[in-house]
C-alpha cells in the first residue's frame, strides 16, 4: 500500500496519532488480530470520505458517502475482517458492496485475492481510483448487482463478506462459497439486524449469530 504522500499520511485530525487512538478503541472492544489492527492503523480512512468529513474519519462511527450509502464503522470493518480469518489464512475473498472501497482496501492488505462488486456506478468508479492510488492491484472490481455474486466465474471463494443487510440467507452467494468456506453478512429479520456467520461444512451450511448491527439494505439492480 502506497502511503508515501502527505495526503495519505494525514495531519491534525487525520494524523497517525489520531489513528493510533482508534486502534486502541478497537482493542478495547475485543479486536485482537494483529494483522487486522496493523492494516487499519496504516489505512488512510480519511481518503475514503468527503473532504468535509475528513476530520471525523478516525471516529469509530459510520459516515455518509453519498447515494444513501455509508462507510462502515471501523469496529465493524475490523470485526468482519477478523471473523474471515478464523480459521487460517484464506486465499480469496468476495466482497458484496464495494462502497467507497475502505473495507476492500483493508481486505486487499490481508488476502492474496479480493473480488468486489458494487451496484452504484459512481461509487464503483471512485473506489477503483482510490485503490489504484494506494497501489492495491490484487483487487478485481465489477459494476454489477451483488445479489448474483461474482458473474460468469466458474470458481468458489474461500470467504464472502456482504456489506448490506439481507432478509434471508443469500443462496446465490452460498453456492459460490467453497467447502469449509465462511460467509459473513448482516441478517435483517424485519425488526433488527444481526451479523451472521455461515460456514459450509460437509454436512451443509452452519449458521452462527454474532452481534447486533446496522447496515443499509441489500437492493437489486444497478444504477
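From a point 7 Å beyond the Cα of residue 91 in the direction of its Cβ, which residues of region 195-214 have a backbone N at a distance under 14 Å? Inside the label zone: nothing.
Structural descriptor for the chain: relative contact order 15 percent, calculated from alpha carbon pairs under 8 angstrom and at least 6 residues apart. Between residue 68 and residue 129, the distance separating the two model label sites (each 7 Å from Cα on the Cα→Cβ line) works out to 2.4 nm. If I build a Gaussian network model for the chain, linking alpha-carbon pairs within less than 10 angstrom, which residue out of 36, 114, 169 has the largest mean-square fluctuation? It is 169.
Relative to the dominant Cα principal axis of the chain, helix 16-28 is inclined by about 40°.
Against the main long axis of the alpha-carbon atoms of the chain, helix 121-133 sits at an angle near 60°. Pairwise alpha-carbon distances in region 105-223 exceed 26 Å for 20% of all pairs. Could you tell me how many degrees, from 0 to 90 and to the nearest 10, lie between the Cα long axis of helix 74-84 and the main elongation axis, the longest principal axis, of the Cα atoms of the chain? On a 0 to 90 degree scale, this one is about 40. Comparing Cα centroids, region 184-223 and region 34-107 end up 18 angstrom apart.
Considering the chain as a Gaussian network with a 10 Å cut-off on Cα pairs, which listed residue, 205, 153, 123, attains the greatest mean-square fluctuation? Answer for the Gaussian network model of the chain: 153. Comparing 115, 124, 67 in a Gaussian network model of the chain (Cα springs below 10 Å), the most mobile by mean-square fluctuation is 67. Return the percentage of antiparallel bridges among DSSP beta bridges fully within region 6-213, rounded to the nearest 5 %. Percentage antiparallel, nearest 5: 50. Using the beta-carbon distance between residue 16 and residue 121 and R0 = 41 Å, what value does 1/(1 + (r/R0)^6) give for FRET efficiency, to the nearest 0.05? The computed FRET efficiency comes out at 0.75.
Working from label points 7 Å from Cα in the Cα-to-Cβ sense, the residue 152 to residue 113 distance is 1.8 nm.
Once the chain from residue 34 to residue 208 is taken as fully extended at 0.36 nm per residue, the excess over their C-alpha distance is 60.3 nm. Expressed per residue, the C-alpha convex hull volume of the chain stands at 115 Å³.
No value in this document is a laboratory result; all are computed from the given coordinates. Fair warning: this is a prediction, and the values are worked out from it, not measured in the lab. Every residue, glycine as well, gets a Cβ built from its backbone with ideal geometry; the counts of neighbours run over all protein chains shown.
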